[in-house]
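Computed from the coordinates by the stated procedures, all read-outs in this text should not be read as laboratory data. Predicted, not measured: the structure shown is a model, and the values here were computed from it. With ideal geometry, Cβ positions are generated from the backbone for all residues, glycine too; neighbour counts draw on all protein chains shown.
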């Protein structure tokens, strides 16, 4: 079994909930009450997204998004 790695962006909402999306998988986004729920939902979403592409005879998208933490004076 081969594996692909995708950057997942997590954002906390003002109400305390969490959203997550994958820039390299257009249209894939989830919302959870906790970060742990958002993490679980996005993992499942990625799996389903890739399975659907493969069912249509399409390859997994290339991971073209990278992340970096940049420190600047506060």
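Points to keep in mind about this one:
- Rounded tilt (10° steps) of 35-55 against the dominant C-alpha axis of the chain: 20
- Alpha carbon Rg of segment 21-74, scaled by the compact-globule rule 2.2 N^0.38 Å: 1.43
- Taking the chain as a Gaussian network of alpha-carbon nodes connected by springs under 10 Å, the highest mean-square fluctuation of the residues 30, 22, 48 belongs to 48.
- Helix-only [θ]222 nm of the chain, DSSP H runs n ≥ 4, -39500 (n - 2.57) each, per residue, nearest 500: -10000 deg cm²/dmol
- Segment 1-29 residues near the modelled residue 53 label - backbone nitrogen below 15 Å, point 7 Å along Cα→Cβ: 2-8, 22-29
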